[in-house]
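Q: Here's a structure for you.
The values are calculated or read from the model by the stated rules, or taken from the named source; none is laboratory data. Here the structure is a predicted model, which means the values were calculated and not measured. Note that each Cβ is placed from the backbone with ideal geometry, even for glycine, and that neighbours are counted across all protein chains shown.
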Amino acid sequence: MTLVPLHLCGARLRIDPKTLRRWLSLAQIVPQSDPLDARKRCLTPAQLRSLARQHARTLPEDVPPTPAPLPVALPLPPDYPALRAELSSLKDRLSLLQEQVAQLTAALIRERDLRLQHLTGVAQPLRPPTEALPAFSLPTPLPPLPSTPAPSPDPASPPLKPLPRHPHPPVIPLIEVRDDGSVVLIDPQKGILPLVPDTPAWFDWLATLPSFRFQSSSGRFGVQRKTIGGLPTREWRAYTHFKNRQRCFSLGMTEALTIARLEQMAATITARLTIL
């Protein structure tokens, strides 16, 4: 059944909404709810025509839709075959560029795994080598600059004092969820840990940590145990830095730190930072 919203009824009767409500009250007509949106009130065409007859109003006739013009076939340009050949060559070049980008991506992933292996001291590679891709020419590296002898220090000038070096921040454990769904636990002292997520050994390991990092395709953030009076508790907080400000989110107790909870917090933090 076709329903007409109240704002369209007022437009067809050429009256304001207040007058329309008064006419409906006098005629004892109760508007119906739109089946798609219960917030909207509508009238049936019969009720609309009854209101128009009671108040001597004429409804505008429906204007038939204008038929769309038929497409006109345009003549092909004289260089159409050359354009098709050039488009085909562009597709071949695009395919070659995609292969080169895939090879560069694989090389970057292997370089990252090698650096991670060097930092953690793991003997075996973290990721199996990818299949060989077609080789391509790399740009020629620039020649090294000629070495210049270091200037001899002036005996009259006092020696410069070295700048104070701040200690590096400690490296905290990392929980990484990769694209294939595998979970990698990296400890700075022990390397990759053979723990299965959401198991008793997993929660026992978390209970020994003061903080750690989480990273996945949904986002990344840091996790720190909440303390009261300098004493650690079982409650955790997620934090991230955005626009030179640290933003914290409640993560829950130790027994609630599952992979699903960490993934949910990563998606929540990414969504909130997108809105800011």
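Conditions tested, residue by residue: (1) more than 18 Å from Glu255 (Cα to Cα); (2) within 22 Å of the chain's Cα centre (by Cα).
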{"position": "Ile172", "(1), (2)": "yes, no"}
{"position": "Ile175", "(1), (2)": "no, yes"}
{"position": "Asp179", "(1), (2)": "yes, yes"}
{"position": "Ser182", "(1), (2)": "yes, yes"}
{"position": "Ile186", "(1), (2)": "yes, no"}
{"position": "Lys190", "(1), (2)": "yes, no"}
{"position": "Pro194", "(1), (2)": "yes, no"}
{"position": "Thr199", "(1), (2)": "no, no"}
{"position": "Leu206", "(1), (2)": "no, no"}
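Q: Quick check on my filter: what residues within region 71-112 are of a type outside the set (D, E, K, R) and not in a helix (DSSP H, G or I)? Talk me through it step by step, then tell me what you get.
A: Pass one, region 71-112, residues of a type outside the set (D, E, K, R): 71-78, 80-83, 85, 87-90, 94-98, 100-109.
Answer for region 71-112, where residues must be of a type outside the set (D, E, K, R) and not in a helix (DSSP H, G or I): Pro71, Val72, Ala73, Leu74, Pro75, Leu76, Pro77, Pro78.
Q: Specify which of the listed residues (Leu104, Leu76, Leu97, Leu116) is of a type in the set (A, V, I, L, M), modelled with pLDDT under 85 and surrounded by 10 or more Cβ atoms within 10 Å (Cβ to Cβ).
A: Values: Leu104 fails: modelled with pLDDT under 85; Leu76 fails: surrounded by 10 or more Cβ atoms within 10 Å (Cβ to Cβ); Leu97 fails: modelled with pLDDT under 85.
Matching residue, one of Leu104, Leu76, Leu97, Leu116: Leu116.
Q: Go through region 250-271 and give me each residue that's without any contact (Cβ under 8 Å) to a residue 24 or more places away in the chain, at negative phi and in contact with a Lys or Arg (Cβ under 9 Å, 6 or more places away or on another chain).
A: Scanning region 250-271 gives Ser250, Met253.
Residue by residue, here is whether (1) at pLDDT 90 or above; (2) not in a strand (DSSP E or B) holds:
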position: Ile175; (1), (2): yes, no
position: Gly181; (1), (2): no, yes
position: Phe203; (1), (2): yes, yes
position: Leu206; (1), (2): yes, yes
position: Phe212; (1), (2): yes, no
position: Gln215; (1), (2): yes, no
position: Arg225; (1), (2): yes, no
position: Cys248; (1), (2): no, no
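Q: I would also like to ask the following. Taking the condition of being out of contact with any Lys or Arg (no Cβ under 6 Å at 6 or more places or on another chain), within 21 Å of Val183 (Cβ to Cβ) and not aromatic (Phe, Trp, Tyr), how many residues in region 210-239 meet it?
A: Residues that pass the stated criteria total 11.
Q: Might you check whether a residue that is exposed (fewer than 10 other Cβ atoms within 10 Å of the Cβ) and at pLDDT below 90 occurs anywhere in region 256-275?
A: yes
Q: If I go through region 196-219 residue by residue, how many of them are under 11 Å from Leu174 (Cβ atoms) and β-branched (Val, Ile, Thr)?
A: Residues that pass the stated criteria total 0.
Q: Residues of region 188-199 being touching a residue at least 24 places away in the same chain (Cβ under 8 Å) and in contact with a Pro (Cβ under 9 Å, 6 or more places away or on another chain), which ones?
A: Pro188
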